[in-house]
Amino acid sequence: MNETGLPMHVSRRQLLQNTGMSLGTMALGSLLAKSNELSAAPRPATKGPLDARQPHFPPRIKRVIHLFMNGGPSQIDTFDPKPELSKLDGQPLPDSVKNRLQTTQRNRVGNIFASPFKFRKHGESGLEISELFPNVARHADDLCVVRSMVGEIANHTPGLLLTNCGHSALARPSIGSWLLYGLGAESDNLPGFVVLCPSGMPTAQSRNWTSAFLPGVFQGTYIETENRSKELIPNLTRDDIRPRSQRAQVALTRFLNQQHQANRPGDERLESRIHSMELAFRMQSAATDVFDLNQEPAHIREMYGDTIQGRNMLIARRMAERGVRYVQIYHGGKQPWDNHGSIIPNIKRLTSECDQPIAALLTDLKQRGLLDDTLVIWGGEMGRTSTTQTGPKDPNKMGRDHHIDGYSIWLAGGGFKGGFTYGSTDEFGLAALENPVELHDLHATILHQMGFDHRHLTYRYSGRDFRLTDVHGNVLHDLLS
Amino acid sequence: MSRGVTTGLGVVQLMLFSVVGLADDDQKGHAFFERKIRPLLVEHCYECHSEAAEEQQGGLLLDRQSGWLKGGDRNKAVIPGDPDASPLIRAVRYRDEDLQMPPEYQLDDELVHLLENWVRRGAPGPAVDLGDTEFSRLGDQGYLFEAASNHWAFQLVKSVAPPAAGDLAWNEQAIDQFIFARLQDHSLTPSQPADARTLIRRLTYDLTGLPPTPEAVEQFVDDVYELGRVAYSHAVERLINSPAFGEHLGRMWLDVARYADTDSFYRPDTVTPHYFPFAFTYRDYVVEAFNNDKPFDQFVREQLAADLIGFSDGDAEMAALGFLAVGPHANRNPTEALDDWIDVTTRGLMGMTAACARCHDHKYEPIPTADYYSLHGVFASIVRPNSLDENQLPTIPGYPVDSALRADYLEKRAAIDAKIAEAGDKTVGSNQRGVARKIRETELAYLLLFHRGGPVHSMIVKERGKPVDPYIYVRGDPTNQGDRVPRRFLQILDPKQQPFPDDSSGRIQLANKIASSENPLTARVFVNRVFGLLMGQHLVDTPSDFGLQGSAPTHPLLLDWLADDFVSHGWSVKHLVRRIVLSETYRQASHYREEMASIDSENRYFWRANRKHLSIEAIRDSALVIANRLDSTPRGRAAPLWGDDYTKRRAIYGYINRFNLDPTLRVFDFPTPMQTQPGREESIVAPQALFTMNAPFVIDQAAAITALREFASRKSNTKRVETLFQLIFQREPTDAEVNRISRFVEQQQRLFASSADESEMPSPWEMVAQSLLMSNEFQYID
C-alpha cells in the first residue's frame, strides 16, 4: 500500500474481475449522439483493467511522447560537441582508450573521425547543438540534454529492449505497459499506449511494446504506417454497413442484453460488457478521427510539413491531447539511424526528415499549454563511436559503429530543466565521465514524473514481485526543475 | 544470498551475546545509538536499508543490530571494535571505488568520524532490537524450510473421509459432502439444480467447448422427463467420449505447455518467424491423450522422457517430447532456454516457482539455488535437434496423406529444393546466413508448416552423449561457477536427494519423482486445474503456485480427496471429470441470491454455479457450429484462424505465432505462450466488442446462419426469430423479443429498399443473427 491507499501489487484476478460498476450508465441514445465528438462521455464508476487509477502521488506529467531514433544516432554529430577531436582527425585511437571500448567495437575500430558538422550555442542557455538540427535548436532552452547515457550490450535488440523494457534479454513489460497498468487509460475511445512506425516494424518488433506477463490489454498498439487508422485496433470498422444501421444493431443488442441481464442480477460483468460495446461503437469514430489530419488548419499542417515524419508527429500530438498516455514514434522500420557506412549523407537525410517536425511538435505543444505536462523524449537505443569503422577512406562513405558507453538523449517539457545539459563524455566522446545515467535511472525518473515510486509499482508474477527497474534505478532529481 | 542456510540464525544469536559484552555499558550504548547514530542512519541510509522502507539493498538492514552484524551480500557490514575492517566504514569513507555509500554523495567528515567512533565502541544497537522478522528472513532458506515443513501443499496427500451432509441429495457424493460442510460453516445454503436446458448447454460447453445443437437440447429435455437423473449421466458419457472432449481439455493443457507453432523470435534479415513446422504433432498427442484417457502419470512421464521409457523413432508417443521441444529458445542463450524447461516442469507440473532460484536462493520458497542447478544439469544433458531438420526428427505414424495433396506437395517441394541447390553456398552482402539456408528457413519451413501433403515428424529432444555435471552459477552468471551439484530432485520434495545416475540426464528419475503418488504436488495441481476449468473457480486460485506464496485452498480436504481419488483411480482424467460434473455442486443453478452474496460475494464456497464467459476459441467454434460450417476433422497441420482463407476447423488447430501473437487472441485473454501459463482470465475491453461487431469472420457466420435451410424456409418474422433463438441461444424467444426484432427488421428493410447499393449491404436478418452473436447471452454460460 502507498500513501493513496492504492495497492499497486494488484493481482491479475482482482484487476480483471473487479468490474464493480453502477447501473448509472448513460442511455445509449445520448452516447450515440455524442459519438462524433472529441470528448469522451462521462464514464461509469467501473474498475476494469483500463479504468483510470490514481498513482502513488500527484503526477507532474500526464503523457509521454517518445521519439525513437532507432538504429542509434551519433551523439558527436548532434548533441555532444567534441571540437578538439578535429585536431586528431584521421589518427588512431590511443591504445589505452581503445581498450576501453566494447569488445565488438575494439576489433573493428578505425581512426578518429571528428564530426564534420558545426556546433553553435543556442538560446539564452547557450546549449550547444549541431547544424543538423537548426529547427530543434530554436527550442534549446526547452531541452534537457543527457550526454552520459550508458547501455549494457552494444547491439540493437538488447539496446531496444533495455530502453523500452528495462532488460536487455528477458521478456519484460515495456514502460508504456507499466504506465497503463499503473494508471489505466485516460481515454475511453483510444488505446492508452500507441506505437507509430512508418514502413514496417523496428528491430525486435513487438517485443518493444510487449506487456510480457502483464495482462494483454496493456500491450502497446502498433500502427504500421501513416493513415492506417484501421490498424489502430483490429476490426475497428466495417465498410459494408451504414453507421445508422450499425447504430440500430448496437441498440438491438443492448435490448437483448438488458432482457438477459434482467433475470441475472448481481453479475457486474454483464453491465460492463454492455458498456464496453458502447465504448466500442464510439471508438470507431474517435479512432478514425485521430488520423484525420484534414481537421487541422493549414498553418498547423504546414508547420509540421506534409511528410511522413511531419504527419506522424502531428498524429502524435492529436493522440496526446485525446488522452493517449504513451505515444512512441519510431523513425522508420528496422533501424534507419544505424549508420555503419556513409554517415554524412545519411545523417543529413535523417535529420532533415525529422528536424522540422520535431521542432513543430515542441512549438505546438507549447502553444497549447501541453508541454508542461507532456514529456517529449528524443533518442535511440544507443549512440555511435567517434571513430570510423575499418573500411572506406572516402569521408562520404565512412560510418560509425555502435556505442553504449556514453551517448546522448534529450528530454523536453514535463518538469525537466530546459537549456540544461547533464553528464559528459571523455575527450574522445566515448566513455561517460560525469554522472553516468543508466536506462533504469531514466525509467525511475519517468515513472516519478508520472506519479510513481518505481520501487513500488510492482506486479506479482511467477512467485515474485516484478518492477520495471528490477533492483536498479535512481530518480534523477538533478534533471527536474 | 547463499549463506550458511540452516545455521544462519544460530550464528547471529551467538554473535549478539559477544557483542553485548563489547559495548561500554548497555544503557549508555543504547543512548548513544539512539541520539547520535540512529538519526544519521535514518537520514542517509534507511531509504535503502530498513524494513520500513521495504528495501534492503544488498541484503543489508541497518535498523537492527542483527542487520549490521549479519551484514549484506558482501559480508558483515560492521566488525564491532574495528572500524578499519568494517565494510560500512570503508563505504562511508569513499576511498574504495567499488564501495561507496551513500551512493549519491559523500557524508561529511564529522559524520564519518561519528560512525567510526560508534564502531569502535562496539556498534551498540537499539534497546528494543527488531531482531529477525519475516522481512529480514527473506531468502533465509533455513527459515523457509522450517515454514515449509508445515505448509499444506508439501504434505503427502491423505485419504480423507468426507463429512456427512444433513441433506439427502448432498450426502451422496464426496464432493458435495465437502462443499456442503463448508457452506454450513459459513451459514450458506446451496442452490437448486439448474433447469435441463441450462444444464445441457453448460455441460456441453464444459466438456467439449462447443454448444449443443437445438436437437440435442430437445432430446435431453425429453430424456430428463422420461428417465430423470439417468439422462444426465448418459449425456455426460456421450460428451466425455466425443472427440471434442480431448480438444477442449487439450487446449487447457496447451496453455500450461506454452504451445505455439513458432519460436519466440524472428529472423531479422527476412523478417520471418522461426517456424516449428512439426509442433502440431505435440498438440495432436495432447488431444489424443485426453480422448484416450491416458493415465495422467504416464502422460507426464512421456512428455518428459518418452525416448527413455521404451518408445523410439516411429512411435506416436515420441511426439510427447514436444512438451520440451516446442518451448521458446531462439535467440536466447542456452541458460535462458534451460530456464524455460525448468519453469514449465516445476511450475507447470507441480506449481513450484523454482525458476526464481536461478540467481540466488529463492526469496520466498524453500528452493536453494543448488536445486535449480540440479535440474539445470538434467536439462543441460539433453539436446534439441533443429526444428527444421527432417533427418533428425523421427517420422510419426497416423497421418495418412491424400495422394493428390502429396503430389502437390512434392511438386512444390521439388521447386524449392531446386532453388536451394541453385543457391549453393552463395551469400548476399555481409549476411552470414547463406541464400540456401535462408530458403530452407523461410520458403521450405513455411511449406512444411502449412502444406497438408507434407511429411510428418515429431519434435523431440535427445540425450547428450555425456550428461552434464552442473555447477551453481553464482548470481546466475555462467562465467562465475560456484559449487558443483549433482543432478537430482528438489530437496523439499525429496529430502534424501539421491543423485540421478551418471549415465543419463536423469529425466526418467525426474519424471518418476513428479508422476508419483508420493509427490504431494503433481496430483493436487492437476485436479485443481481441471476443477477450475469446469467450475469457473479454482480451489487454489494460484493454479501454478502452490508454494508458501501461493493462495491457500478454499477446501483443503476436498482438494486432497480429489487428488487421492484421482490417483487411486489410475490417474484417470475422465474419472476426475465425471466426479466433478456429476456432483450436485456442479449442477447448481447460477442464480444470484442476495442473502448468500452478502456473506460470500465471490462465491468462493460454491453456493451457486459460476457464470462463465466463453473463451475466444469457444466463441469462434460456436459461430461455426451454429452456421453448420464446422469442419470437425481432427489432427493435422495448423491453419490460419482469420483472414480470407480462414480455417473452418476448431480453433485449437489454428496457427499460433508466438512472436507476434494474433491481436484477436490477445484481446480475448489468450495467454502469451512465452512461458507456462496458469490459466485464463476474463477481461472486458472494447476491442472484444469490436470483434463481434466488425470482424469479417463473425459477419461471415451471421450470413451463413441466415442462409441455412431451416432459417430461409421460414417466412414469418416470428418463425424466423424463433429459429435464430433456437440456433444461437437454444431457447424460445419471448414476445417482447419477437416484437423488438420484428421492428428492427422492418426499419432496416425500409432503409434497405431506399438504398442504391443494397447488394453490398448485409440483409436485416444477417444483422439480427449477428446481433445475437454479439449478445451476452451467447457469450456466457449460466
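Nothing in this text is a laboratory measurement; each read-out follows from the coordinates by a stated rule. Nothing here was measured: the structure is a model prediction, and the numbers come from that model. Note: ideal-geometry Cβ built from the backbone for every residue, glycine included; neighbour counts use all protein chains shown.
Relative contact order for chain A: 28 percent, from Cα pairs under 8 Å spaced at least 6 residues apart, divided by residue count. Cβ crowding within 10 Å, taken as a proxy for footprinting-reagent exposure, orders A:Met277, B:Met252 from fewest neighbours to most as B:Met252, A:Met277. The tail of the calculated P(r) for chain B beyond 46 Å holds 38 percent of all Cα-Cα pairs.
Listed by chain and number, the lysines whose C-alpha is less than 23 Å from the C-alpha of B:Lys294, apart from same-chain residues fewer than 8 away, are B:Lys513, B:Lys574. Taking every Cα-Cα distance in segment A:398-481 and sorting them into 5 Å bins starting at zero, the pair-distance distribution P(r) comes out as 3, 12, 20, 19, 17, 13, 8, 5, 2, 0, 0 percent. Remark: for residue pairs A:Lys98/A:Lys393; A:Lys348/A:Lys397; A:Lys121/A:Lys348; B:Lys76/B:Lys363; A:Lys348/A:Lys417; A:Lys87/A:Lys397, the C-alpha separation exceeds 25 Å in A:Lys348/A:Lys417. Helix B:403-423: angle to the longest alpha-carbon principal axis of chain B, degrees 0 to 90, nearest 10? Between the helix axis and the principal axis of chain B, the angle is about 50 degrees. Here the contact order of segment A:345-427, divided by its residue count and restricted to Cα pairs under 8 Å and six or more residues apart, works out to 30 percent. Per-residue mean of foreign Cβ neighbours for A:240-250 is 5 (Cβ atoms of other chains, 10 Å radius).
Among the residues of A:207-219, the average count of other protein chain beta-carbon atoms within 10 Å of the residue beta-carbon is 4.
Its residues counted as N, the protein assembly as shown yields a C-alpha radius of gyration over 2.2 N^0.38 Å of 0.98.
Of the trypsin sites (Lys or Arg not before Pro) found in segment A:185-289, the ones in coil according to DSSP and having at most 12 other Cβ atoms within 10 Å of their Cβ are A:Arg228. Our note on the geometry: Cα centres of segment B:623-669 and segment A:136-176, 38 Å apart. As a ratio to 2.2 N^0.38 Å, the alpha-carbon radius of gyration for segment B:690-781 is 1.05. Calculated mean residue ellipticity at 222 nm for chain B: -13000 deg cm²/dmol, from DSSP H runs with n ≥ 4 weighted as -39500 (n - 2.57), summed, divided by the residue count and rounded to 500. Computed from Cα positions, the angle between helix B:556-568 and the longest principal axis of chain B comes to roughly 70 degrees.
Ranked for footprinting exposure by Cβ neighbours inside 10 Å, fewest first, B:His186, B:His274, A:His456, A:His448 give B:His186, A:His456, B:His274, A:His448. Dividing the summed -39500 (n - 2.57) terms of all DSSP H runs of n ≥ 4 by the residue count of chain A sets its mean residue ellipticity at 222 nm at -9000 deg cm²/dmol. The local environment of B:Thr198, defined by Cβ-Cβ distances under 11 Å, has a net charge of +4 under the rule Lys, Arg +1 and Asp, Glu -1.
By how many degrees, 0 to 90 and rounded to 10, does the Cα axis of helix B:174-185 deviate from the longest principal axis of chain B? With both axes taken from Cα atoms, the answer is about 60 degrees. Gyration tensor over the Cα atoms of chain A: the corresponding equivalent ellipsoid has semi-axes (square roots of 5 times the eigenvalues, largest first) of 43, 24, 19 Å.
Peptides B:211-223, B:601-613 ranked from most to least packed, by the mean per-residue count of other Cβ atoms within 10 Å: B:601-613, B:211-223. With neighbours defined as other Cβ atoms within 10 Å of a residue's Cβ, the residues B:Lys496, A:Lys348, A:Lys82 order from fewest to most as B:Lys496, A:Lys348, A:Lys82. Counts of other chain beta carbons within 10 angstrom of each beta carbon in peptide B:653-663 average 2. Based on C-alpha pairs under 8 angstrom that are at least 6 apart in sequence, segment B:146-265 has a relative contact order of 16 percent.
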